[in-house]
Every structure is written in structure tokens, then in C-alpha cells.
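Shown next, in C-alpha cells, is the structure this report addresses.
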Amino acid sequence: MRNRKFIDLFAGIGGFRQGLEAKNYDCVFSSEWGKLANEIYFKNFQDRPFGDITKIPANSIPKHDILCAGFPCQAFSVAGKRLGFEDTRGTLFFDVARIAKVHTPKVLLLENVKNFASHDGGRTLKVVYKTLEEIGYSVFHKVLRSSDFGAPQARERIYIVAIYNFKGTFEFPKKMTKHLIINDILLDLSNQEFKELQITRPDIVFTKKENEVIDPLRPLQIGKINKGGQGERIYSRYASGITLSAYGGGAAAKTGAYKIGRRIRKLHPIEALRLQGFSDNFILPESPNQAYHLLGNSVTVNIVKALKRELEKQVFSSMPKEISIN
């Protein structure tokens with residue numbers, strides 16, 4: 001059996017690659033224009049991603065079985081009214097479509113923000129469907145939550161699976177019965193100060209006890225800092241964490257604050273890695289804020305692995321093993 005080959009577009013720091021690359025799966029091309037993300041990707045995978053995908057001819061990209069892309073959500077609403085391939089020109093999704101049109105990989109595995117499905121009154125998603133259907137793909141989508149797949153983070157993202165020359169129905173992975181909470185991924189920092197993570201302010205107010213958890217798959221806010229705006233909320237460690245954010249301010253910007261023993265603190269970068277399903281030895285920037293930013297823009301590795309298992313069962317297992325799909 002030959003190895004499955006995949007490409008990693010808008011790769012960020014490599015969440016898709018971390019989830020797919022294993023025995024029998026090889027990444028044959030990657031692209032990421034962000035300088036810092038590109039550098040971190042190189043440090044972890046010893047593979048320097050190409051830069052701006054809009055400058056790369058499709059026929060210069062190697063043949064592949066799976067195209068992965070966490071493409072940016074641009075304003076498709078300025079496009080025409082044909083709801084098809086031409087409507088995507090000028091958007092970065094067009095680069096996904098033009099590469100797929102040339103190479104026809106068996107699977108496109110795409111990720112975007114949860115609200116992508118309702119963007120522009122649902123028209124954006126219709127453009128994506130019509131564009132891919134025009135070039136031979138059956139398209140399926142579903143919003144998946146990271147905490148349902150073993151990563152203690154209430155992160156919800158839309159995943160789009162498009163399968164070439166496919167007549168069946170793709171079933172997205174089912175929720176796991178085993179789940180983790182923030183307490184499961186904490187480092188023991190009891191003998192270390194990590195003052196940059198601690199929040200010691202006079203305007204901290206608690207409104208609930210940390211063990212008053214009803215649904216461990218969702219965050220439980222137990223207090224606030226200042227007025228309790230975004231980045232000023234305190235959560236229980238006995239439930240899921242909030243979504244890691246690439247942006248935002250406040251005392252607990254990007255990770256949220258958690259009550260851990262007597263301390264109120266942000267998450268350590270390694271704990272943030274665990275929230276996204278990365279391994280502890282994944283190399284991050286020295287700056288915690290840069291690390292949080294890159295992880296907040298990444299995909300949850302656990303979900304990529306769950307999707308990979310379903311693709312093996314539902315798509316690749318029925319294909320001839322001794323020949324290439326291209």
C-alpha cells in the first residue's frame with residue numbers, strides 16, 4: 001500500500017499536519033505566508049513552507065490525495081451572482097479551488113470559523129458548495145466542538161469535507177464518550193512563580209464556586225476581573241476551557257483566567273498546546289503572547305485525527321490499495 005499524500009495550505013503552525021502526518025501519511029507540499037508561523041512550522045517539521053499561495057502555479061504542486069486548508073474567511077459577498085467557480089476569484093478560497101481543479105485530490109479537508117456557515121446570509125457557504133460541485137466534488141459540512149473530541153476547549157469550528165467522485169454520504173465523527181477538563185491538562189507550577197501568568201488585582205470578584213459544574217464540556221465562569229469583559233473572566237478548572245483566541249486584550253487575554261488553588265492565572269503555553277491537542281515538545285516562540293496568537297489561529301489536532309479515521313473508513317478503505325488515486 002502506498003502512502004497517502006497531502007498538502008497543507010494556509011498551514012499556520014501545522015495543526016493539520018500534526019493530526020495527519022503519521023505512518024502511511026506524507027506531507028508533500030506546504031504553504032504559509034506569515035513570517036513567524038512559517039518559521040515555527042519549519043522548526044517543528046524541518047520543512048520550509050512556500051510563501052504566498054496566490055503566486056504558486058497549481059501544476060508546480062505535487063500530486064496528492066488530500067488537500068488541507070484553514071483558508072481565511074473573506075467577503076465573498078462582493079462577488080457576482082453565479083454562485084460558482086467564477087464567484088471565488090479574488091478570494092483566497094479561489095486558490096483552494098484552482099489547485100483542486102488541476103489535481104482532483106480525493107479529499108478536501110477545510111476548516112473555518114463557526115459563523116462561516118451563516119456569513120452573508122448563508123451565501124458564502126453556497127458559493128463554496130457550488131464551486132466544488134462544479135469540479136466534481138460532493139460536499140459536506142458540520143460544526144465540531146473540540147471538547148467533544150478529547151481537547152478541553154469549547155472551541156467550535158466548521159469543517160468542510162469534499163470528496164471527489166463520491167456518491168455516498170459522509171458521516172462526521174461521533175463525539176467521544178471520554179472527555180478532559182482543564183484540571184487534566186495543567187502543569188504543576190506550585191513550586192514555580194511564573195509571575196507573568198499570575199493575576200493579582202484588588203478588583204477580582206467571585207460569583208460561583210469552582211465545583212458548581214453542570215456541563216463539563218462547557219466553560220464555567222466563576223468570577224470576573226474589573227468589569228468582566230472579554231479577557232477579564234475567571235473560569236473553573238473543573239470544566240472545559242474557553243476558546244483560545246489569537247487576539248483580544250484584558251488581564252487574561254487570549255487564554256482566559258482560571259482559579260488554580262489559591263492563584264488566579266492565565267494558562268502556560270504548554271497548557272495551551274494541550275488545549276489544541278499538540279504534543280508537549282512542539283516548539284513555540286519564546287514569547288507567550290506570540291505562542292497564544294499562533295495556537296489561537298490553529299486547528300485542534302484531535303478533530304483532525306478523528307476526521308482522518310473516518311476518511312480511512314468511509315473513503316479510502318473502499319479504494320484499490322495498489323494504485324494511485326490520481
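Observations, loosely collected:
- Inspection of the range 64-81 finds a residue satisfying the criterion of being farther than 21 Å from ASN112 by Cβ and at pLDDT below 95.
- Test: residue in the range 83-91 that is of a type in the set (A, V, I, L, M) and either within 20 Å of the chain's Cα centre (by Cα) or at pLDDT 95 or above (or both): no
- Enumeration of residues in the range 207-236 that are among the hydroxyl-bearing types (Ser, Thr, Tyr), part of a loop (DSSP other than H, G, I, E, B) and surrounded by 19 or more Cβ atoms within 10 Å (Cβ to Cβ): SER236
- Set GLU312, GLU232: member being among the acidic types (Asp, Glu) and either farther than 30 Å from ALA162 by Cβ or touching a Gly at 6+ places or on another chain (Cβ under 6 Å) (or both): GLU232
- Members of the range 39-68 that are part of a helix (DSSP H, G or I) and touching a residue at least 24 places away in the same chain (Cβ under 8 Å): ILE40, TYR41, LYS43, ASN44, PHE45, ILE53, THR54, ALA58, ASN59
- Restricting attention to the range 119-136, the residues being open to solvent by less than 10 Å² (accessible area, probe 1.4 Å), within 23 Å of GLU310 (Cβ to Cβ) and of a type outside the set (A, V, I, L, M, F, W, C) number 0.
- Residue identified as in contact with a Pro (Cβ under 6 Å, 6 or more places away or on another chain) and assigned to a loop (DSSP other than H, G, I, E, B) among ALA291, ALA253, ALA246, ALA239: ALA239
- From the options VAL113, VAL96, VAL143, VAL107, residue that is modelled with pLDDT of 95 or more and open to solvent by 30 Å² or more (accessible area, probe 1.4 Å): VAL143
- Unmet criterion (only one of (1) open to solvent by less than 90 Å² (accessible area, probe 1.4 Å); (2) assigned to a loop (DSSP other than H, G, I, E, B); (3) under 20 Å from LEU108 (Cα atoms)) for TYR159: (2)
- With respect to the stated conditions, GLU171 is more than 15 Å from PRO152 (Cβ to Cβ) and open to solvent by 50 Å² or more (accessible area, probe 1.4 Å).
- Test: ILE283 is open to solvent by 20 Å² or more (accessible area, probe 1.4 Å), of a type outside the set (D, E, K, R) and not in a helix (DSSP H, G or I): yes
- Residues (assigned to a helix (DSSP H, G or I), at pLDDT below 95 and surrounded by fewer than 12 Cβ atoms within 10 Å (Cβ to Cβ)) located in the range 294-326: SER317, SER318
- Among all residues of the range 207-229, there is none that is β-branched (Val, Ile, Thr) and touching a residue at least 40 places away in the same chain (Cβ under 8 Å).
The values are calculated or read from the model by the stated rules, or taken from the named source; none is laboratory data. Everything quoted here is computed from the prediction, not taken from an experiment. Virtual Cβ from ideal backbone geometry, glycine too; neighbours counted across all protein chains shown. Quick note on the areas: whole protein, heavy atoms, side chains included, nothing else; ligands and nucleic acids left out. Shrake-Rupley method; radii C 1.70, N 1.55, O 1.52, S 1.80 Å.
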